[in-house]
Amino acid sequence: MHLHLQKRGNRWYFRRPVPQDLQAHYPSKTILKALGTSDYETAKLRASELTSKTNKEFLELRGGQPDTWSAPARLALEADLADSIKVGHEWADEYQANREQWDAVDEGLRSQRASVDSLLVASGLPSVSQLMDAQDLGHAVTLSEPIREQAPSSPLPFPPKPSRARKAGQNAALHTLRHVVPSWISRNGPKKESQTQAQRALALFEEAVGIVPVTDLTKADGAKFVRFLLDPARKFGRKTASNHAALITALANVAVKDDWIERNPMDLSFDRRIGAGQRTPWSDAELETIYSSPLFSDHMEQIPTWMNVTHTDARAALLMVLHTGVRIGEIGQLRRQDFLERGGIKAIHITAEAGSVKTDDSERVVPLAAHLLSDPWFATWLAGVMDGSNPSAPALPSVNGRRNDRPSDVLTKWFKAFREYLSLPGGRLNGTHKFRHWIRSALADKGVGDATADSITGHAAQGSSGRVVYTAAASLPAMLEALNRINYPEITVTGDTHT
């Protein structure tokens, strides 16, 4: 089997560990890509092409030259490609043992040899033919020998990522925006979530522009990236596009500070408000539809199950998001130990230790309103969570532990299905964030000041013209008193539904 192939079910995936010295440049320690096929031969060819592409990425990140493949650069790849060389020698041995039958009989072996050739030659290593020649001559081909074949033009569906040859006179290292990441982290101390988002932005930038040394970046590259981000094919809004652009701008500005470039030539600005629409709070009728559904009755099983989220976890999540205005992802990642009691006030602790939080102001303690605690179902659920057992376990177990989905993703997808089931308005402006808008509006209606409301919802306090106001967070009793002013919808506690 190909070195980097992995089968899941009946589909093939490319899976390759990232070398330890390059892990800071990737969002995870393993590169995992779906190959979009259940056919082994097709998967093998695509995996070979991806192996070549990642070899070149690793080389460039280490400061090598993809155009010349100098001996030092190829030596830097030796650890990564040792297994590939081994595979090449194995096929050379196979040829020696089956020389007469190779071309005449076994098409399968020829196909496998071709895939290995593509991997080795495109990576700047001896091909199988060269290895066989070397065996005939009685000597080994080493990495320091010149390569006699050029990488073939490949019709494979994964073309190498574009790159530019460095200019004469540049420093030995080809610094790209990925090289800037460690300095950006050191200078700004971004949270893990922001670092992950930066890696996503970099992947989009490279898809649009290519792997470009920072010294070669141009205004045209910036314009190309903006067009790419705003292309409807991206299927995300202008706000998300603006966030990606802001991260690339931040990295380019750090490259200026590190004296790698004199200025940032790219202008990635655009109006993020066009077509954005306005998110509004839930109406009384919409809240009635949600909280008079069977999910909040003694017959939760009448509601279908989506995303393998249990009815218990879904009910608890929607009760908490209504009464606290906490982001759905912050609810989803809560651990049992994050439910606490301070001064007789039951509360939840939103902390980065549990997962990811949006900003520093997001880390907070939010009290649980009397209206929520008076709900018999929730009171029973909360007593079970706060019984002191297994404190590090997730409070909503069916929402956690997914391989590819964060708790926020799981609950967002679950709520989308729940919303469609109840025939509520669709679209991204009618998601779980509307609960935060509702509670801010409800607090304002009851005369609660911005400082207290910000402490509850985890917003940074803003003064005139967007100036941040550095005031202490509201006390837990003050937040509880504010939350207890709100007129919440009644929650069903029997088999009958009402509000």
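Below is a table of values for the structure above.
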| read-out | value |
| --- | --- |
| Where P190 falls short, out of the listed (1) open to solvent by less than 60 Å² (accessible area, probe 1.4 Å); (2) not in a loop (DSSP other than H, G, I, E, B) | (2) |
| G344 vs. criteria of a type in the set (G, A, S) and open to solvent by 40 Å² or more (accessible area, probe 1.4 Å) | yes |
| Subset tally (residues that are within 22 Å of the chain's Cα centre (by Cα) and open to solvent by 20 Å² or more (accessible area, probe 1.4 Å)) for the range 32-56 | 5 |
| Count of residues meeting criterion [farther than 17 Å from P213 by Cα, of a type in the set (D, E, K, R) and modelled with pLDDT of 90 or more] in the range 166-192 | 1 |
| Filtered residues of the range 396-441 (kept if modelled with pLDDT under 90, of a type in the set (D, E) and part of a helix (DSSP H, G or I)) | none |
| Enumeration of residues in the range 257-284 that are surrounded by 15 or more Cβ atoms within 10 Å (Cβ to Cβ) and within 26 Å of H25 (Cα to Cα) | D258, W260, I261, N264, P265, M266, L268 |
| Residue check, E207 over 25 Å from L61 (Cβ atoms), open to solvent by 10 Å² or more (accessible area, probe 1.4 Å) and outside any loop (DSSP other than H, G, I, E, B) | no |
| Residue ID - surrounded by the most Cβ atoms within 10 Å (Cβ to Cβ), chosen from residues in the range 293-319 that are within 22 Å of H433 (Cα to Cα) and among the charged types (D, E, K, R) | D313 |
| Residue list for the range 320-338, filter: open to solvent by less than 10 Å² (accessible area, probe 1.4 Å) and over 13 Å from T432 (Cβ atoms) | H323, L334, D338 |
| Qualifying residues in the range 331-355 (those that are in a helix (DSSP H, G or I) and among the aliphatic types (A, V, I, L, M)) - the one nearest to E193 (Cα to Cα) | A352 |
| The lone exception for V410 - which of (1) on the phi > 0 side of the Ramachandran plot; (2) surrounded by 21 or more Cβ atoms within 10 Å (Cβ to Cβ) it fails | (1) |
| When residues of the range 1-54 are limited to those that are touching a residue at least 40 places away in the same chain (Cβ under 8 Å) and hydroxyl-bearing (S, T, Y), the one farthest from E206 (Cα to Cα) | S48 |
| All positions within the range 3-31 that are within 21 Å of Q199 (Cα to Cα), aliphatic (A, V, I, L, M) and more than 16 Å from the chain's Cα centre (by Cα) | V18, L22 |
| Residue that is farthest from R238 (Cα to Cα), among those in the range 252-271 that are small (G, A, S) and part of a helix (DSSP H, G or I) | A255 |
| Extreme residue, farthest from V180 (Cα to Cα), among residues of the range 13-31 that are open to solvent by less than 50 Å² (accessible area, probe 1.4 Å) and touching a His at 6+ places or on another chain (Cβ under 9 Å) | F14 |
| Selection status of V309, farther than 19 Å from L476 by Cα, β-branched (V, I, T), part of a loop (DSSP other than H, G, I, E, B) and in contact (Cβ under 8 Å) with a residue 40 or more places away in the chain | yes |
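The values are calculated or read from the model by the stated rules, or taken from the named source; none is laboratory data. None of these values were measured; they are calculated from a predicted model. Cβ sites come from the backbone with ideal geometry, for glycine too, and all protein chains shown count toward neighbours. Accessible surface is based on the protein model in full, side chains and every heavy atom, while ligands, DNA and RNA are left aside. Shrake-Rupley method; radii C 1.70, N 1.55, O 1.52, S 1.80 Å.
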